[in-house]
Amino acid sequence: MAETNSEHDVVDLIAESFSPAPSNLVRQMFNAAGARAPDVIWSPKAVEIRNPLLRQFAAICRVLAREDGTLSDGPIDLDHFGELKEWIMMIEPVNGAVDFRYTYYGTGIAQNYGRDMTGHRSSEFTGHVGTFFTGLYAAMLARQETVYSEHEPPQNVFVRAWQRLIIPRTNDAGEISGFIALNVPENELRAGLELMVDPVLVVSEDQKIVYANRAAQTMFGLPSVRRDEDFEPATGIPLSTHRSPVELLSHHLIEDSVQLTIRETIVERLVMTVSAAQYKDSAYYVVVMRMIGN
């Protein structure tokens, strides 16, 4: 029990430290993990919400909101939010408001994070990020305000930063019973790869898949949520390079090879192009597949 109480004490300190902005405690927690301190803005003005999707979400919520700006804790038809639905989270306090459960976790968030957290708790996020989430939600209960936040995820999550707008939901007595949030990733590299018609995979130096665009998911039957699978077992094709991604990146090298793959019992040839890109502080393989003749 001493360890659990200690964790709760840390969460309480983090929650208190968000008044009015993240303190040195939060900064030190993120810096120790190799990340910059998060941005947190209480009751943000429109000009302070930098992401257009978050601004669209805020506009829809204003239409649905009570006079005090909160949303009712009654049933919400998420179809009101259109295509934003895949980036929505719904959160409610549990265990006397020292932990928080995700009652809805959009498919887009799950795909980027690598896990569907529906039914799971904020404390299940490991390390400093879980403490940050739980502390921020606890601070929202105390302050009863909408909040904008931006933070860097751990290194193994293929997202440069998460931007969130979190809005309280209240019962008829005006008490906060939970939150609804839009949580969108900012990642210039990923956005460009998703538009490519060819299958593209981003692979770590130890040959773990950290990202696969939709074309790659379809071609190799890869799950949209799971990540960190070994490249060759997942694709049936060996990663054809003897150089590290740092070597490819430093020498601006691109390697092409012809590989065989089986699709629907038919053996087909494809060209595998292996290059490298820097993301955060690490170099990754960028693997592009093109069917020969296509």
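Does the stretch 129-138 hold any residues that are surrounded by 20 or more Cβ atoms within 10 Å (Cβ to Cβ) and touching a helix residue (DSSP H, G or I) at 6+ places or on another chain (Cβ under 7 Å), and which are they?
Scanning the stretch 129-138 gives 131, 132, 133, 134, 135, 137, 138.
Condition test on residue 222, is it in the same structural domain as residue 125 (by TED's automatic domain parsing) and at negative phi? Reasoning before the result, please.
Values: in the same structural domain as residue 125 (by TED's automatic domain parsing): no; at negative phi: yes.
When the stated conditions are applied, residue 222 does not pass them.
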Q) Out of all the residues in the stretch 200-233, which are among the β-branched types (Val, Ile, Thr), in a strand (DSSP E or B) and touching a residue at least 40 places away in the same chain (Cβ under 8 Å)? A) 200, 202, 203, 210
Q. Out of (1) of a type outside the set (Asp, Glu); (2) under 30 Å from residue 28 (Cβ atoms); (3) surrounded by fewer than 20 Cβ atoms within 10 Å (Cβ to Cβ), the odd one out for residue 85 is which?
A. (2)
Q | Candidate set: the stretch 234-279, residues that are among the aliphatic types (A, V, I, L, M) and part of a helix (DSSP H, G or I); chosen: the one nearest to the chain's Cα centre (by Cα) | A | 234
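Checking the condition assigned to a loop (DSSP other than H, G, I, E, B) and aliphatic (A, V, I, L, M), which residue from 140, 117 passes? Reasoning before the result, please.
Working: 140 fails: assigned to a loop (DSSP other than H, G, I, E, B).
Checking each option against the conditions leaves just 117.
The values are calculated or read from the model by the stated rules, or taken from the named source; none is laboratory data. Quantities reported herein were computed from a predicted structural model and do not represent experimental measurements. In this analysis, Cβ positions are derived from the backbone assuming ideal geometry, glycine residues included, and neighbour counts consider all displayed protein chains.
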